[in-house]
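Accompanying notes for the structure given below.
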Amino acid sequence: MTSEPNFRRTNSINLEELYREILPELEEVENYLQAVTASSNPFLSEINRFLFSQKGKRIRPALLILSAKLFGYRGQDHILMASLVECIHTASLIHDDIIDNSRMRRGKSTIHTRWGPNLSVLLGDHLYIQTINLLLQSGYDGIVRLLSRTATQMIEGEVAEFLMSGNFSLTEPEYLEIIRKKTAFLFATACQIGGLLAEAGETHLSLIHDYGCSLGMAFQIIDDLLDYQGDEAVLGKPTFSDLSEGRITLPLIHSLSGDGQLAKEKILTLAQKKPLEAAGKKAILDILEGSGSLKYSFQKAEEFAQRCHHLLAQLPASSHRETLAQLADYILHRDR
């Protein structure tokens, strides 16, 4: 729709290359996901196969595995925990897509589009309950409590986002708190679980938790930026989906908080149109660029990514720490 602003450079980091040290473990996670979501009910098995065939970036499992290895973990339970973290994430996506009535994810139809919202809600619930059940069997009581608290925070974040839907008075602090709960906390928890498995000390646990939280904040801000300026073919969904579904994100919040009353009125007028046509999208994008809101949002994500590097510098040096640092750079400059 528009050329990429010059404050963002092309991402030269290949995710598969970045994961090269942990690819065998990530493959074990994929195998475990297929096994754990198999069901005696053929219909459930069919939906789960479809669901987990849509491989995303698997950032949360990778974070858990890398954090465990960073602190010297030598066991096998990180595969189980990485899989369960991905199940929690996937269940949240199912419910999120229903709430937002999203039609596409990763270039394919969403679950509720194919099988309807009623069955999709049940599938999301089934994944949550199955995950907690497997956690309880694992014997890691502290991790059970941690993931349960995180799932609660994620739901609270989703509720807050839903209640703020279409609210053009949403402030930046309110937005940051929403994405901290709905996205960043699970990143932080994945990292913290890796540290807990390796029996890392409290200082190291705090540092890796804060790294994960900062990474999650950067991830969500870039996600929200891509919704305005990404390539639809690469994203696998239409641009301006957030605005169409009522989500008010940082670029719009920053632009609306400026002094240009005419620009505000134009954005508000255009945003009410359903569906938003190409000309309307371009007009809003021009305003966001003109107000510096796209650049501001990227700089905010950059601040969180820089904090990731600062936190990692206080942890033991290793190839795994270097991969975590490169992951922060990948997230900042990704195109999907």
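The values are calculated or read from the model by the stated rules, or taken from the named source; none is laboratory data. All figures in this text were calculated on a predicted structure; none of them were measured in a lab. For neighbour counting, all protein chains shown are included, and Cβ atoms are generated from backbone atoms with ideal geometry for every residue, glycine included.
What about Leu285, is it of a type outside the set (Ser, Thr, Tyr), under 14 Å from Ala263 (Cβ atoms) and touching a Phe, Trp or Tyr at 6+ places or on another chain (Cβ under 9 Å)?
Numbers: of a type outside the set (Ser, Thr, Tyr): yes; under 14 Å from Ala263 (Cβ atoms): yes; touching a Phe, Trp or Tyr at 6+ places or on another chain (Cβ under 9 Å): yes.
Yes: the conditions hold for Leu285.
If a residue must be charged (D, E, K, R), surrounded by 13 or more Cβ atoms within 10 Å (Cβ to Cβ) and in a helix (DSSP H, G or I), how many such residues does segment 231-277 contain?
Summing the residues that are charged (D, E, K, R), surrounded by 13 or more Cβ atoms within 10 Å (Cβ to Cβ) and in a helix (DSSP H, G or I) in segment 231-277 gives 4.
Considering only segment 67-101, how many residues are surrounded by fewer than 20 Cβ atoms within 10 Å (Cβ to Cβ), small (Gly, Ala, Ser) and either under 24 Å from Lys181 (Cβ atoms) or without any contact (Cβ under 8 Å) to a residue 12 or more places away in the chain (or both)?
Going through segment 67-101 one residue at a time, the tally reaches 0.
Quick grid of which residues meet (1) within 26 Å of Leu135 (Cα to Cα); (2) not aliphatic (A, V, I, L, M):
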| site | (1), (2) |
| --- | --- |
| Ala184 | yes, no |
| Gly201 | yes, yes |
| Asp210 | yes, yes |
| Glu232 | no, yes |
| Pro238 | no, yes |
| Pro251 | no, yes |
| Glu265 | no, yes |
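Does any residue in segment 44-66 that is within 21 Å of Asn14 (Cα to Cα) come within less than 6 Å, Cβ to Cβ, of a residue that is among the hydroxyl-bearing types (Ser, Thr, Tyr) and part of a helix (DSSP H, G or I) six or more places away or on a different chain, and which pairs are these?
Final answer for the pair search is Leu66/Thr323.
Among the numbered criteria (1) more than 23 Å from Ile155 (Cα to Cα); (2) touching a residue at least 12 places away in the same chain (Cβ under 8 Å), which one does Ala184 miss?
So Ala184 meets the others, but not (1).
Quick check: anything in segment 46-64 over 18 Å from the mean Cα position of the chain (by Cα), farther than 30 Å from Glu245 by Cα and either basic (Lys, Arg) or at pLDDT below 90 (or both)?
no
Would you confirm whether any residue within segment 278-294 is out of contact with any Pro (no Cβ under 6 Å at 6 or more places or on another chain), closer than 20 Å to Ile221 by Cα and part of a loop (DSSP other than H, G, I, E, B)? Reasoning before the result, please.
So in segment 278-294, the residues out of contact with any Pro (no Cβ under 6 Å at 6 or more places or on another chain) come out as 278-287, 289-292.
Going one step further and asking which of them are closer than 20 Å to Ile221 by Cα, we end up with 281, 284-287, 289-292.
Retained after the next criterion (residues that are part of a loop (DSSP other than H, G, I, E, B)): 291-292.
The answer is yes; a qualifying residue exists.
Among Gln314, Gln326, Gln299, which is the only one that is closer than 21 Å to Leu170 by Cβ and among the polar types (S, T, N, Q)? If you could, list the steps in order and put the result at the bottom.
On the way: Gln314 fails: closer than 21 Å to Leu170 by Cβ; Gln326 fails: closer than 21 Å to Leu170 by Cβ.
Gln299 is the lone residue from the list that is closer than 21 Å to Leu170 by Cβ and among the polar types (S, T, N, Q).
Only residues that are free of Cβ contacts under 8 Å to residues at least 24 places away in the same chain and part of a helix (DSSP H, G or I): list them for segment 304-328, please.
To start, the set of residues in segment 304-328 that are free of Cβ contacts under 8 Å to residues at least 24 places away in the same chain comprises 306, 309-310, 313, 317, 322, 325.
Matches in segment 304-328: Gln306, His309, His310, Glu322, Ala325.
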